[in-house]
1. For residue 199, only one of the following conditions fails: (1) touching a Ser or Thr at 6+ places or on another chain (Cβ under 7 Å); (2) not in a helix (DSSP H, G or I). What is its number?
2. Please count how many residues of region 124-158 are within 16 Å of the ligand (Cβ to nearest atom) and either farther than 16 Å from residue 106 by Cβ or among the basic types (Lys, Arg) (or both).
3. Scan region 70-98 and report the pairs whose first residue is touching a residue at least 12 places away in the same chain (Cβ under 8 Å) and among the hydroxyl-bearing types (Ser, Thr, Tyr) and whose second residue is open to solvent by 90 Å² or more (accessible area, probe 1.4 Å) and part of a helix (DSSP H, G or I), with Cβ atoms within less than 6 Å and a gap of 6+ or a chain change.
4. Right, residue 42: aliphatic (A, V, I, L, M), open to solvent by 10 Å² or more (accessible area, probe 1.4 Å) and part of a helix (DSSP H, G or I) or not?
5. Quick test of your reading of the structure: residue 32 fulfils all but one of (1) on the phi > 0 side of the Ramachandran plot; (2) within 12 Å of the ligand (Cβ to nearest atom); (3) at pLDDT below 95. Name the failing condition by number.
6. Sort through 118, 21, 27, 52 and tell me the only one that's open to solvent by 20 Å² or more (accessible area, probe 1.4 Å) and either small (Gly, Ala, Ser) or at pLDDT below 95 (or both).
7. Going through 162, 97, 79, 93 one at a time, which residue ends up being more than 15 Å from the chain's Cα centre (by Cα), more than 22 Å from residue 19 (Cα to Cα) and not small (Gly, Ala, Ser)?
8. Run down 86, 123 and say which single residue is touching a Gly at 6+ places or on another chain (Cβ under 8 Å) and modelled with pLDDT of 95 or more.
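The values are calculated or read from the model by the stated rules, or taken from the named source; none is laboratory data. If you're wondering where the values come from, they're calculated on a predicted model, not measured in any experiment. Counting neighbours? That spans all protein chains shown, and the Cβs are built from the backbone with ideal geometry, glycine included. When the accessible area is computed, the model is the full protein with side chains, heavy atoms only, and any ligands, DNA or RNA have been set aside. Shrake-Rupley method; radii C 1.70, N 1.55, O 1.52, S 1.80 Å.
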Amino acid sequence: MKYEELLPHQIEKILEEAPVAYIPWGALEWHGRHLAIGNDAIKAAAICERVADRTGGVVLPPVYFGYQTMKRKGFRHTLEIKEAPVRALAYDLLRGLESEDFKVVVILTGHYGSRHLAALKGVGEKFGKGKEIRVWVLAEYEVVTDLGYTGDHAAKWETSILMHLRPDLVDMGQLSADLDEKLEGVGGDDPREHASPEVGQKIVEAIVERMAKRVTNLLQGKEEEEAREA
Ligand SMILES: [Zn+2]
């Protein structure tokens, strides 16, 4: 359920049944000539919506403003945001959701420059410390590294995922068919050889299933129980 589309009585029901909020995060960043600029947030929002279909809860509007982007390497059409506003926005959203009585907040960032990711994780950890609210900040690949996805940039994995989620936002015809020609601003296995909607579907299904499982545990307080027993 998209938070912005809900009426008060619907939010109140969700808070009673499954008080979890998802914040999809991304950037407006060059992703090769073949993927949409907003890939990271589009990907994160679609994954959050699928996880929320299983766990209940609300999905906030995606945040398209990321830190540590390809702008630093000179790639065009990228809008770089400083670390401070990214941290401040994450903090204010957490504070607002806590005051609304959400018990679990998941920040899923599809943009995972190491310092951007560390900034969000830092805010989440600090915010959640010693409180009842559980904050989980992750990049989507973190739950499926055993399946070979450890994060890439507009390469095999990100291309496959968008091919699955939003094929209308992928245009492989923009890339040279000459495989010896190096792709601009693409990091990882060559998407011309390795990307497919099938690869995308498989990894998205695994991400959704594993995230839903942990969120359900967090909602039921299972991790606290296990920690007490250990
Ligand atoms: Zn990306």
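1. (2)
2. 10
3. Cβ pairs passing all conditions: 78/71.
4. yes
5. Every listed condition holds for residue 32 apart from (3).
6. 118
7. 79
8. Values: 123 fails: touching a Gly at 6+ places or on another chain (Cβ under 8 Å).
Just a single option satisfies the conditions, and that option is 86.
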